[in-house]
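The values are calculated or read from the model by the stated rules, or taken from the named source; none is laboratory data. Worth saying up front: this structure is predicted, and the values here are computed from it rather than measured. Glycine gets a Cβ as well: all are built from the backbone with ideal geometry, and neighbour counts include every protein chain shown. Remember, those area values only see protein heavy atoms, side chains included, never the ligands or the DNA or RNA. Shrake-Rupley method; radii C 1.70, N 1.55, O 1.52, S 1.80 Å.
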Amino acid sequence: MRQHLSDPLRFFAAFIAHPRQVGAVLPTSRTAVRDMLDLADVPAADLVVELGAGTGVQTGEILARLRPDARLVAVEIDPKLAAGIAKRYAGDDRLEVVADTAENIDAHLGGRRADVLVSALPFTSLDGELRQRILDVLPRILGPGGVMVVIQYSPLMLGEFRRRFRSVRWRITPWNVPPAFLFACSQDDAA
Ligand SMILES: C[S@@+](CC[C@H](N)C(=O)[O-])C[C@H]1O[C@@H](n2cnc3c(N)ncnc32)[C@H](O)[C@@H]1O
């Protein structure tokens with residue numbers, strides 16, 4: 001995964017400009033990203049969709065795991081952050097960066113559905129109605145047998161995920177500031 005020293009600074013600047021939208025002062029740690037992606041089978045996916053891509057920490061690790069013929073659609077609402085990701089991974093034809101709100105993701109998929117959905121959206125700090133609209137889109141864009149992995153800084157979203165997915169597993173990754181909750185949600189019956 002390529003790392004840039006300026007990432008934490010750009011991320012912090014985005015936080016200062018839109019604190020509730022960004023929802024964290026630091027990007028997710030590499031270890032937490034890996035722990036999160038280990039909850040899904042990225043190498044088996046034809047299409048991965050990433051929501052709330054930020055400076056691209058998950059994007060880089062997803063691309064490192066993704067097959068050469070697979071695709072990643074990374075969605076980021078902040079146009080400066082989205083442009084940064086597009087520049088950083090320019091030349092990788094598997095990646096499409098979308099500068100839009102996650103609630104519009106349907107419009108960018110052209111009927112395709114994700115095998116793996118990766119969300120770092122700060123659900124608990126978003127406006128309540130926006131949060132519900134995004135949550136309602138998620139089961140629609142996940143394909144059969146697909147898995148959604150989510151990182152959060154509290155367990156507060158567990159009930160919302162359980163209302164929308166048949167199986168919800170969760171764990172804590174301590175290797176992040178602050179320690180983070182990881183969720184893996186699917187429509188398959190729990191094992
Ligand atoms: C907690 S940060 C995570 C960033 C990065 N993925 C990471 O893990 O470090 C949340 C990101 O979600 C983006 N975001 C917030 N609301 C969004 C929305 N409605 N649609 C798309 N992205 C959004 C923010 O701009 C921010 O970059």
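Where is the GNM fluctuation largest for the chain (alpha-carbon springs, 10 angstrom cutoff): Ile62, Ile16, Ile172? Highest fluctuation of the listed residues: Ile16. The overall shape of the chain is rounded: from the C-alpha gyration tensor, with semi-axes ordered a ≥ b ≥ c, the ratio a/c is less than 1.5.
Ranking Ala99, Leu156, Val48 by Cα position along the charge dipole of the chain, where only Lys, Arg, Asp and Glu carry charges on their C-beta atoms, puts Leu156 farthest toward the positive end. Using amide H atoms built 1.01 Å from N in the peptide plane, name the residues 5+ places from Ser119, or on other chains, whose amide H lies under 5 Å from its own. For Ser119, the qualifying residues are Leu51, Val149, Val150, Ile151.
Taking the Cα centre of the chain as reference, the dipole from Cβ charges on Lys and Arg (+1) and Asp and Glu (-1) amounts to some 280 debye. Between Phe161, Phe181, Phe15, the Gaussian network model of the chain with springs among Cα atoms under 10 angstrom shows the greatest mean-square fluctuation at Phe15. Per-residue ellipticity at 222 nm, computed for the chain from helices alone with -39500 (n - 2.57) per DSSP H run of at least four residues, works out to -10000 deg cm²/dmol.
For region 1-55, rounded, prolate or oblate, judged on the Cα gyration tensor with a ≥ b ≥ c (square roots of eigenvalues), a/c < 1.5 rounded, else prolate if a/b > b/c? It comes out prolate by the Cα gyration axes. Of the trypsin sites (Lys or Arg not before Pro) found in region 86-191, the ones in coil according to DSSP and having at most 13 other Cβ atoms within 10 Å of their Cβ are Arg166. Bridges between two residues of region 7-186, per DSSP, are antiparallel at a rate of about 40%. Among His18, His108, the sequence by solvent-accessible area, most first, with a 1.4 Å probe is His18, His108.
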